[in-house]
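This report concerns only the one structure given below.
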Amino acid sequence: MTRTRSQTRTRIAAASTAVAGLLALTACTGAGAAQDGTVNLQMVESLTNPARTELIRELLDEFEAENPGVTVDLVSPPTDQADPKIQQMLQAGTGVDVLEVRDSTVGAFSNNGWLYDLSDDVTGWPGWDDLTDNAQAVTEEDGARYYVPYGFYGLSLFYRTDLVEEAGFDGPPASWEELLEQASAIQDPQQNTYGYAFRGGLNGFGNVVAAIEAYTIDDLDVEDAFRLEDGSTIFAAPEAQDAVDTYFALFEQASPPSAVSWGYPEMVEGFTNGSTAFLLQDPEVIATVAQSTTITEDQWSTAPLLTGPTGKAAQPLATAGWGVAEASEHQEEAIKLVEFLSGAEPATRFAQENSLVPIIDGAGEDPFYSEGPWSSYVTMTEDPDTYVNVVQPRGVSWWTEWGQKADQDVQAVLLGDMTTSELLDSWDAYWTEKYAAEE
Amino acid sequence: MTATTFGSDGARAEQARARRARGGQARAPRERLRRKSFGRRHALTILGFLLPAIVFVCWFTYFPMLQGAHMAFRDWNLWDLTSTPWVGLANFATILSDPVFPVVAGNTAVWVVGSIVPQLVIGFLVALALWRRFRLRGLYQALVFYPWAVSGFLVGMLFRWMFNAEFGVVNDLLMKAGAIEAPLPWLAEPGLAMVAVIMANVWYGVTFFAIMILAALQSVPDEVLEAAAIDGAGTVRRLFSIVIPYIWTTLALTVLLRVIWTFNSPEIIYAMTGGGPAGRTHIITTWMIQYTQQGSYGLASAIGLAVMAVLFVFCAFYLMAMRRVNER
C-alpha cells in the first residue's frame with residue numbers, strides 16, 4: 001500500500017513536471033501557419049493609447065476581410081515599455097512580424113539586422129506614388145528603407161484667441177520675438193494666468209533647438225539640422241545666442257515658475273485648463289484641447305510655427321511608421337499588411353484620427369485639414385520656403401544620451417546654475433565631438 | 001480503541017523486546033535498506049514537486065541575474081548587439097569616474113534615510129493605534145493598508161499632480177489653511193523636489209511598517225503587559241521595556257527589507273521628477289534607468305551589480321550589528 005501511494009506521488013510529480021514543461025513550451029511557441037493554411041501575423045505597436053489601438057484593430061479587420069487566410073494579432077504594450085519590449089521580441093527573433101518603427105528606434109533596430117529592407121517592394125506598390133515626397137524620402141537612408149511612415153508630427157503654436165485679443169494684439173505671434181512680447185503682456189500670475197506653457201522637464205530641449213534652428217535657418221543644413229552648411233554645429237552660430245536668450249526670456253517673463261519641471265502632461269493641462277495662453281506642440285494635442293471643458297472652441301486656435309529674425313521657421317518633422325521584422329516567417333503577408341496600411345484610405349483615416357500630418361499626397365486638401373485648428377498645417381505645407389522642413393539627427397546612437405544631457409542643461413539654466421552661453425558651448429562641444437568620432 | 005490502534009506503553013515495550021529476541025543484527029540491514037529506498041523515493045517525489053518551481057526561479061531570477069552580471073563586463077550596447085566585446089572592469093571605471101556618481105550616491109543616501117526614518121516612526125504609531133480594539137477596526141486597517149496594493153509608479157504619477165504648483169491639491173490646501181501665501185514650486189525647486197518625492201515615498205511605505213509591526217505586536221502576551229501594569233510600569237515604560245524588546249527582531253528585519261527596497265526603487269522618483277530638476281533627485285537606480293534608455297546595457301548592468309554589492313555589504317554589517325544588540 002505504501003509503495004503504491006509512493007509510486008502514485010512520484011507519477012503525479014512527474015506528470016506535473018511534464019505539464020509545466022509543456023505549458024512552458026507552448027508559451028514559447030510563436031504564432032505561425034496553422035494546419036489549415038491560415039497565416040497568423042503578430043503586429044506590435046509602440047505609441048499605444050486605447051483609441052489608437054481600437055482604430056488599428058478596425059484597420060486590421062479590414063485587412064483580414066480583404067485577405068482571407070491571413071489573421072493579425074495586435075500586441076499593444078504600454079507606451080513607456082513598448083520599445084524595450086519590441087526590442088526584446090526582435091532580439092529573440094520570434095513573436096513579431098509587423099512593428100511600429102520610430103525615427104528614434106530605426107537606427108538601432110536596423111543596425112542589428114532586425115528589420116527587413118522594404119526598398120525593393122515599395123516601388124512596385126500601386127499606391128506608392130500617392131505618398132508625398134516627404135513620406136517617400138524621409139525613411140530612405142543609404143539606399144535602404146526599413147519602414148513606411150504613417151504620418152508626421154510637426155510643431156504648431158496653440159494660442160488663446162480671447163487672451164491675445166484682450167491683450168490688444170491683432171493676431172497670434174508669427175515670430176519668437178512676437179511670442180515673447182505677447183506672452184509677457186498676457187502674463188498675470190495673480191490671476192493664475194500665464195503667457196507660455198514652458199517645457200522645462202522631459203524633452204524640454206526640443207523647443208530650445210527649434211528656436212535655434214529658426215534663428216540659423218539661412219545657413220542650416222536641412223538634411224542634418226544640428227549642423228550649418230559649413231559643417232559647424234548650429235550651437236556655435238552667433239544667432240544661436242539670440243535664440244536661446246529670447247527663448248529663456250519666455251521662462252523669466254511669461255511662464256509659471258514651476259515650469260522647470262513641466263513635461264508634456266503639465267503643458268497640455270496648462271493650456272486646456274485655461275491657465276496658459278500659448279503652447280508649442282504637435283497636432284496630436286488638437287484632439288485633447290477640443291475635449292476641454294474649460295475653454296470653448298472659439299477661445300483657441302493654432303498658428304504656424306514661429307519664425308526667426310529672417311522670417312523663416314525650421315519645421316523639425318518627427319515620424320514613425322510600419323516595418324517588417326527580418327526574422328518574420330511570413331514576410332510576404334507582413335509586407336502586404338504594411339502596403340495595406342500605407343494605402344490612401346487607411347493611411348488618411350489613421351492620420352486624421354491621430355491628428356497627424358498625412359503621408360498621402362492631396363490628403364491635406366480634405367476639408368478636415370483646411371478648417372479650424374488644422375488650417376495652420378495647411379499654411380505651412382503650402383509655403384515650404386518659409387516653413388522649411390528639416391531633418392534632425394534623431395537616428396544616431398547617442399540621441400537618447402543627448403536628450404538626457406540637454407534636458408538636464410536646460411533645467412540648469414532655468415535654476416541659474418548655468419548661463420545660456422555655457423549651455424551653447426557645452427552643446428557645441430558635445431556635437432562637435434560626436435560628429436568627429438563618427439567621421 | 002486508542003490502545004488497539006497505537007498500542008499501550010506495555011505493548012510497545014513487549015514488541016521491542018520481541019524484536020531484540022528475533023535478532024536485531026539480522027534485521028537492521030533490511031530496515032536500513034527499506035528506510036533508504038523509501039527515502040530515495042520520497043526524495044524523488046519531493047524533487048518532482050519542487051522541480052517546476054526550481055526551474056521557474058532559476059530561469060526567471062537567477063539566469064537573468066547571471067546574464068546581467070555577465071553584461072557588466074562587456075561593451076553591451078543596443079546600437080550594435082552583434083559585437084559585445086569583453087571590456088573587463090571598464091564599465092565600473094566609467095561609472096566611478098563619472099561626475100554624476102557622487103551626486104547620485106549622496107542623493108540616494110538622503111532618499112533612503114529620509115524615507116525610512118519617518119516610515120518607521122509613523123508606521124509604529126499607526127500599528128500602536130490599530131493594536132487596540134475599536135469599532136470598525138477591520139475596515140480601518142484595510143483603508144490604512146490600501147496604499148501597499150498600489151503600484152509605485154502610479155503613486156508617483158498621483159503625487160506628481162498633487163504637488164503641481166499651479167494645479168495641485170497640496171498647494172491649494174496649504175493656501176486655504178493660510179500656511180503659505182504663494183504656491184510652492186514643489187517639483188521645480190531643488191530642495192523642495194527631494195522633500196516632495198520623500199513625502200510620497202513615506203506615504204507609500206508607512207503601510208508596510210504598520211502591517212509588519214502590527215503583526216509583531218499581536219505576539220506580545222497580554223499577561224506580561226498586565227503584570228507590568230500591576231507592578232506600576234507606565235505606558236512609556238511598558239513600550240520601551242516590554243513591547244519594543246518583544247518585537248525587536250521584526251523591527252530590525254522590516255527596516256532591513258525597506259532599506260533594500262527603497263534603495264532599489266526608482267519608480268516614484270522616475271514618475272514624479274525623472275531625477276530632476278537638474279539631477280537634484282537623481283538616485284543610483286534612476287541613473288541606471290537612464291543608461292538603459294540610452295541602450296548602454298553594459299553600464300546599466302555595472303550599476304546594478306554595484307548596487308547589489310553595496311546592499312550585500314550593508315546587510316552583512318546590519319545583521320552583525322543586530323546580533324550584537326541581541327546578545328547584549
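The values are calculated or read from the model by the stated rules, or taken from the named source; none is laboratory data. Every value quoted in this text rests on a predicted model; they were computed, and no experiment measured them. Quick reminder, even Gly has a Cβ in these numbers, built from the backbone with ideal geometry, and neighbours come from all protein chains shown.
With a requirement of 1 or more residues that are surrounded by fewer than 16 Cβ atoms within 10 Å (Cβ to Cβ), the helices (runs of 4 or more DSSP H) lying completely within segment A:63-162 that satisfy it span A:79-92, A:119-122, A:133-138. Might you let me know whether segment B:204-217 holds any residue that is in the same structural domain as B:Val310 (by TED's automatic domain parsing) and surrounded by fewer than 17 Cβ atoms within 10 Å (Cβ to Cβ)? Yes, because at least one residue in segment B:204-217 is in the same structural domain as B:Val310 (by TED's automatic domain parsing) and surrounded by fewer than 17 Cβ atoms within 10 Å (Cβ to Cβ). The helices (runs of 4 or more DSSP H) found wholly in segment B:157-248 and carrying at least 3 residues that are in contact (Cβ under 8 Å) with a residue 12 or more places away in the chain occupy B:190-217, B:222-230.
Checked against (1) closer than 23 Å to A:Lys312 by Cα; (2) touching a strand residue (DSSP E or B) at 6+ places or on another chain (Cβ under 7 Å); (3) modelled with pLDDT of 95 or more, A:Tyr194 meets all criteria but (1). Annotation note: of B:Ile269, B:Ile289, B:Ile283, the sole residue that is more than 13 Å from every other protein chain (Cβ to nearest Cβ), among the β-branched types (Val, Ile, Thr) and surrounded by 14 or more Cβ atoms within 10 Å (Cβ to Cβ) is B:Ile283.
B:Thr45 meets the conditions (1) among the β-branched types (Val, Ile, Thr); (2) part of a helix (DSSP H, G or I); (3) surrounded by fewer than 14 Cβ atoms within 10 Å (Cβ to Cβ) in every case but one. The failed one is (3).
Of everything in segment A:400-421 that is without any contact (Cβ under 8 Å) to a residue 24 or more places away in the chain and farther than 27 Å from A:Ser104 by Cα, the residue that is surrounded by the fewest Cβ atoms within 10 Å (Cβ to Cβ) is A:Gly416. Condition check: over 30 Å from B:Ala306 (Cα atoms) and buried (at least 21 other Cβ atoms within 10 Å of the Cβ). Does B:Ile242 satisfy that? Spelling it out, it is not the case that B:Ile242 is over 30 Å from B:Ala306 (Cα atoms) and buried (at least 21 other Cβ atoms within 10 Å of the Cβ).
Restrict the check to segment A:164-171 and report whether at least one residue is assigned to a helix (DSSP H, G or I), free of Cβ contacts under 8 Å to residues at least 24 places away in the same chain and aliphatic (A, V, I, L, M). For segment A:164-171, residues assigned to a helix (DSSP H, G or I), free of Cβ contacts under 8 Å to residues at least 24 places away in the same chain and aliphatic (A, V, I, L, M): absent. The number of residues in segment B:132-146 that are assigned to a helix (DSSP H, G or I) and surrounded by fewer than 15 Cβ atoms within 10 Å (Cβ to Cβ) comes to 7.
Assessment of segment A:67-81 against the conditions (under 12 Å from A:Val44 (Cβ atoms) and touching a residue at least 60 places away in the same chain (Cβ under 8 Å)) yields at least one matching residue. Annotation: of all residues in segment B:79-131 being part of a helix (DSSP H, G or I) and aromatic (Phe, Trp, Tyr), the one that is modelled with the lowest pLDDT is B:Trp79. Scanning segment B:195-211 for residues being over 18 Å from B:Ala129 (Cα atoms) and of a type in the set (Phe, Trp, Tyr) gives a total of 1. If you go through segment A:243-280 and keep only what is assigned to a loop (DSSP other than H, G, I, E, B) and either on the phi > 0 side of the Ramachandran plot or of a type in the set (A, V, I, L, M, F, W, C) (or both), you end up with A:Trp262, A:Gly274.
The rows are residues; the columns are (1) within 14 Å of chain B (Cβ to nearest Cβ); (2) in contact with a helix residue (DSSP H, G or I) (Cβ under 6 Å, 6 or more places away or on another chain); (3) in contact (Cβ under 8 Å) with a residue 24 or more places away in the chain.
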site: A:Asp188; (1), (2), (3): yes, no, no
site: A:Arg199; (1), (2), (3): yes, yes, yes
site: A:Phe205; (1), (2), (3): yes, yes, yes
site: A:Val208; (1), (2), (3): no, yes, yes
site: A:Thr216; (1), (2), (3): no, yes, yes
site: A:Asp224; (1), (2), (3): no, no, yes
site: A:Pro257; (1), (2), (3): yes, no, no
site: A:Phe278; (1), (2), (3): no, yes, yes
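Contact map, segment A:336-364: residues that are within 20 Å of A:Val324 (Cα to Cα) paired with residues that are outside any loop (DSSP other than H, G, I, E, B) and hydroxyl-bearing (Ser, Thr, Tyr), Cβ distance under 6 Å, separation 6+ or inter-chain. Pairs shown: A:Phe350/A:Tyr150.
B:Glu189 satisfies every condition listed in (1) within 14 Å of chain A (Cβ to nearest Cβ); (2) of a type outside the set (A, V, I, L, M, F, W, C); (3) closer than 20 Å to B:Arg258 by Cβ except (3).
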